[in-house]
Each structure stands twice: as structure tokens, then as C-alpha cells.
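The structure appears right after this line, and notes come after that.
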Amino acid sequence: MKRSRLCVLTIAASILSNPPLHKGGTVSEEAGQTLVPVVRAEATGTLTGLVKLDGPAPKGKPINMAKEPICVKAHPTPPLTEEVVAGANGTLQNAIVYISEGVPNSTFDPPSDPVVIEQKGCQFHPHVVALQSNQKLQVVNSDPTSHNIHPLPSNNREWNRSQPPGLPPLEESFAREEIAIPVKCNIHAWMRCYIAVFKHPYFSVTGATGSFSLKNLPPGNYAIAAWHEKFGTLTQKVTIAAGETKTLDFVFKPRANMSE
Amino acid sequence: MWTERSIEHEKASRARVGRLRPQAFRLPVLAILAAILPATLPSAVCFAQQTRIGNVTGSLKRGKELYRRYCVGCHGVLGNGQGENAPYLDPRPRDFTAGVFKCRSTDTGHIPTDMDLYETLGRGLHASAMPSWFPLTRQQRIDLIAYVKTFSPRFHEEKPEPVVPVPPEPPASPESLNRGLEIFKKMECAKCHGLSGRGDGPSASTLTDSKDRPIVPYDFTTGERFKCGQTNQDLYRIFMTGLDGTPMPSYLKDLKPDQAWDLVHYLRTLQMNYENSANNGAVKTSPARQPGRSIRNALRAVSGSK
């Protein structure tokens, strides 16, 4: 009896003290009718820019794959570590630029296309991926050896699946936002990639040119963040007007002891 | 010393909860609750924490007392695996706040069932500092499980499913051992466990657990029991569900049940002393219930045919 009373009280307390939770429920109920931002394509803004590195990028080190002869054979010269990959003209690859504050308060359905990570030559390709929560993630093994895919999230379920060669792609998804989840292959200790999960579609991963582009932004005030696995996160404020295309650059400053 | 400090810490972290239910609010709260409860809350919220095994229900209050007496030294007041003794232990005590457990009947990435936790507690974890808590009463162990579950919000939010089914074991035969060997090669178990199962595969020395601490693969040749039990069913479950938090992955999507049983039979042949260790148990079993015997016979048939 005492226990059930305590339980009832706790629930009551949580309802009273937590009105946003309760309100959140009603918001999502109404979302279908009123709250989804209906913004015409010409009225949305675009944000583009570069992610740069102040100073020379630390060079990658050759990866020793001696534990797996098949991996050694897959590369004519040992591949370099991908912690810091410089793009053209002092830019930085594998950085994620995203809206960290100011996203319209609505639910975004995940795209139906899966995001694909390929394990090839005993490395993950790409090294950094970003997807929406509950969007499908496909993991393909193109190597003639086994891998295990082992994400180490702090805000999502930690799972660990083996994938011997020749088996169909693994399909998984992540329910909650998290930037970014490190992924290991325990069999090949050098393998590492990052999966960023967003609850909205406003994110972009920089490629070889170090550029990013956030499209279809509803007009508003935003905090834009750039994340890099080695250099951390930078944030800038920006205001986007209807139909506007703005540019914004991020410059990471590596700490002195980081170049080693 | 540690108790005072850590209990203060815990009090502080829980003070927020305490503030939510002052005496004066109780009556209005109940009135409001009566009006809105049926419409807004699924009844599951109330019972998410309940721990029930058979017809025994765990008590949080007693569980907490028992935890403070028996578990706190290693797992810590906050359940984060950072108790007073933790720095001296390898492997380190489990961090309950993550809700990630090795021994489960559920698929990888999911919380264990109450029964899984209960069995782990009774069994202890072989080759670690975690002893068997079988000397406690059944009720006490269930109370402890009830309390341990409060450290992770996952037990509020998630259900312990899907459970990985373990179909009935087919008899071992020379053919099944050969098929098992092929699966052992195809799944590349030897990468970590080594060709003869000694835990000396090429990747063995590089393995780390989810907290980046070095960890060793199981050495089958010792013939000792596994972390998560010692029956063939336990062995089946171990590689099909994976040992979450460690490098051992789940093979559920790679193996069909028949193949998994073939692998179980083959793995037993790596355990040189398996037959002895299986029969050394306190419980005397009939020959039909000694899984080692059928595998031994099959193995003899294999080596005889070579």
C-alpha cells in the first residue's frame, strides 16, 4: 500500500512540476494541423561556408595493419590516420556543421534513404556520417574479412554486431540526438568512425573542399555549431531572413600541444 | 569516510525529487491526480520499476539496505562502479548507470530481463571479483535486483526485449562438429579466441572494453565456466546475444539456430577439461543430461575416422 501511494505521489509530483512534458504531448498532437512550419521554398534561406584550420594541419600517421594481412594487402602504401584530414586551401574535412539552437519546434520525419557506411580496406568510409534520428543506417562489409560494428554512444543504445564477409548489410537506427557517437571495430583496433544523430535535417558534413551548405532554413535566429572529432565544437550566431543566402566560416585553432 | 561523503552527494542529487512532494501538497495533488490520471498516463509508468521473479516481488527499501551492505564497496553509492575498492579490481566493477550488461537473454543493445540479472547475481562473474551471491536468500537477491535497476533510467524507459529464443538442442554428431568447425572458421572466432581457443588470436592483445580498458578474450582450453553460465544453452546465448560492453559481438544476424548449435558443439571440443568440469558439479545428472558425453563421443568418432 505504502509503495503504491508513493508511486502515485511521484507521478502527481512529476505532472505538477513538469508542465513542459505534459504540454509537449499536446504540441505533438496539434503538430499535424498547425505547428509544422509551412514555409514556401522561395521564402527559406541558405547558409554556406568553409570550415578552416588555423595553421598547418597535423599530418596523419601511417596505420599499422600488421594484425590483419588481408588489410595490409588492400593498400599499396599504409593508409594514414583520419583524425585530422585537411581539405583544399587550409580547410578541414570531416567537420559537421549544424544548427544547435533555434530549430523550429516540430517533428521532422527521417528521410527514407538510408545512410551508408562501408567497411573497405579495414577502414570505415566515410569517416564521419550524419543522419536524422530513426533514419536507417546501413553498414556494408566489402572486405574479405570479418568486422564487428560497435558504436559507443552515451545517449543511445550501445550494440555490437559481427559482420563476416559476404553477409547482407546491417540495418540499424538511433533514436536520440547525439553528436557524435564513436564507432569501433574491436577486431581491428585502428578502425574508427563517428556517427552524428540529429533530430532535425539541418546539418552538413564537410568534404574535400571543406565547404558546408545548410539549405531550406526557415527565417529566424540560429546558433550554428561546427564539430570536429579532434578540435571540439565552435558556435556562432546568425540571423537568416526569408530568401537570403548567407556565408559563414568557422576557423578551428588547434592547441599548441596538439600537433605532436 | 567515503560513506559520509558519498551519501551527502547522493542526498544532494536526490534533493530535487524530495522537494517535489512536500506534505502540504499531498491532498490537492491527489485530487488533481484522480481527475487526470486515467486519461494521461499508461499504467505501465507505475510498474516500470517493479521487479518480480516467479511470485516474489523485490523491495526497493530492503534492496537499498542490502546494496549498502554488500555491493557499495565496489559498485559505489551511486552505482557507477566507482566504489572504494574499484581501483584495485580488474575487470572493474559494473557501472550500473549505463544500463549495459554482459549476461542477457535479450538481443544486443537491449536491457536484460529481471531473470538475467537475478541469475548473474546468483552465479557471480567468473574470472572477476564478482562472487556468487547465492548465499543470500532468494528474496534478498530479488530485492537487490530491484534496487540495482534504479541506477539506470533505461529500466524506466525500455522493455527487456526482444528475447533471443534458444531452440531445443539437437544431438551432437561427428557431422555437427565438422560443420561447427567450418562456422568457427567462417565467423573468424580465431581473430580473438585463437585457432585452438586459447584466447591468443592476432587481435587479442588489442582488445578494449567500452570504457577503453584492456580486456582478454575467453580461453576455452582452461575448461572453466563462462562469464554467463556453463550450460550449452548459456554458450548458445553468449555468442547470439553478444556480451554488451565488451568486444564480443552478437552473431544473431549471422547464424541460423542449427548453425549456432553446431558451433556450440564445436566450441565444447576446445574445452579440454570440459567433460570433467561438467561432471564435477554438485548435482548428479543422468548420462542423457551430460551434454559433454555426447560431444565427447562425437569427437572420438571424428578423430577415429581420421
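The values are calculated or read from the model by the stated rules, or taken from the named source; none is laboratory data. Predicted, not measured: the structure shown is a model, and the values here were computed from it. Quick reminder, even Gly has a Cβ in these numbers, built from the backbone with ideal geometry, and neighbours come from all protein chains shown. Just the protein is used for accessible areas: all its heavy atoms, side chains included, with ligands, DNA and RNA removed. Shrake-Rupley method; radii C 1.70, N 1.55, O 1.52, S 1.80 Å.
Is it the case that A:Ala130 is modelled with pLDDT under 90 and buried (at least 16 other Cβ atoms within 10 Å of the Cβ)? Even if it seems obvious, please write down each step before you answer.
Numbers: modelled with pLDDT under 90: no; buried (at least 16 other Cβ atoms within 10 Å of the Cβ): yes.
For A:Ala130, the condition - modelled with pLDDT under 90 and buried (at least 16 other Cβ atoms within 10 Å of the Cβ) - is not met.
Out of all the residues in the stretch B:230-262, which are within 12 Å of chain A (Cβ to nearest Cβ), part of a helix (DSSP H, G or I) and surrounded by 20 or more Cβ atoms within 10 Å (Cβ to Cβ)?
B:Phe239, B:Met240, B:Thr241, listed by residue number.
Of the conditions (1) more than 19 Å from the chain's Cα centre (by Cα); (2) surrounded by fewer than 16 Cβ atoms within 10 Å (Cβ to Cβ); (3) touching a residue at least 40 places away in the same chain (Cβ under 8 Å); (4) in the same structural domain as A:Lys120 (by TED's automatic domain parsing), A:Pro168 clears all except one; give me its number.
Status for A:Pro168: all satisfied but (3).
Suppose we filter A:Lys230, A:Lys184 for residues that are charged (D, E, K, R) and surrounded by fewer than 20 Cβ atoms within 10 Å (Cβ to Cβ); which single one remains?
Details: A:Lys184 fails: surrounded by fewer than 20 Cβ atoms within 10 Å (Cβ to Cβ).
From the options A:Lys230, A:Lys184, the qualifying one is A:Lys230.
What are the residues in the stretch B:193-229 that are outside any loop (DSSP other than H, G, I, E, B), under 26 Å from B:Val164 (Cα atoms) and within 13 Å of another protein chain (Cβ to nearest Cβ), if any? Write out each step before concluding.
Quick first cut of the stretch B:193-229, residues outside any loop (DSSP other than H, G, I, E, B) only: B:193, B:204-206, B:208, B:214, B:220-222, B:226, B:229.
Going one step further and asking which of them are under 26 Å from B:Val164 (Cα atoms), we end up with B:193, B:208, B:220, B:226, B:229.
Selection gives B:His193, B:Thr208.
Tell me the residue from A:Glu171, A:Glu158 that is within 16 Å of A:Val197 (Cα to Cα) and more than 7 Å from every other protein chain (Cβ to nearest Cβ), please.
Details: A:Glu158 fails: more than 7 Å from every other protein chain (Cβ to nearest Cβ).
From the options A:Glu171, A:Glu158, the qualifying one is A:Glu171.
For (1) among the charged types (D, E, K, R); (2) within 14 Å of another protein chain (Cβ to nearest Cβ); (3) surrounded by 15 or more Cβ atoms within 10 Å (Cβ to Cβ); (4) assigned to a loop (DSSP other than H, G, I, E, B), each residue gets a yes or a no:
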position: B:Arg62; (1), (2), (3), (4): yes, yes, yes, no
position: B:Val77; (1), (2), (3), (4): no, no, yes, yes
position: B:Asn80; (1), (2), (3), (4): no, yes, yes, yes
position: B:His110; (1), (2), (3), (4): no, yes, yes, yes
position: B:Leu117; (1), (2), (3), (4): no, no, yes, no
position: B:Ala129; (1), (2), (3), (4): no, no, yes, yes
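Being of a type outside the set (D, E, K, R), in contact with a strand residue (DSSP E or B) (Cβ under 7 Å, 6 or more places away or on another chain) and either surrounded by 16 or more Cβ atoms within 10 Å (Cβ to Cβ) or assigned to a strand (DSSP E or B) (or both) is true for just one of A:Asn148, A:Asn155. Which residue is that? I'd like the intermediate steps shown before the answer.
Values: A:Asn155 fails: either surrounded by 16 or more Cβ atoms within 10 Å (Cβ to Cβ) or assigned to a strand (DSSP E or B) (or both).
The unique qualifying residue is A:Asn148.
Give the residues of the stretch B:167-192 that are within 12 Å of chain A (Cβ to nearest Cβ) and open to solvent by less than 30 Å² (accessible area, probe 1.4 Å), sorted by residue number.
Residues satisfying the conditions are B:Ile183, B:Phe184, B:Met187, B:Cys189, B:Ala190, B:Lys191, B:Cys192.
What are the residues in the stretch A:171-200 that are closer than 19 Å to B:Asp209 by Cα, part of a strand (DSSP E or B) and of a type outside the set (A, V, I, L, M, F, W, C), if any?
Within the stretch A:171-200, A:Pro182, A:Lys184, A:Arg192, A:Tyr194 qualify.
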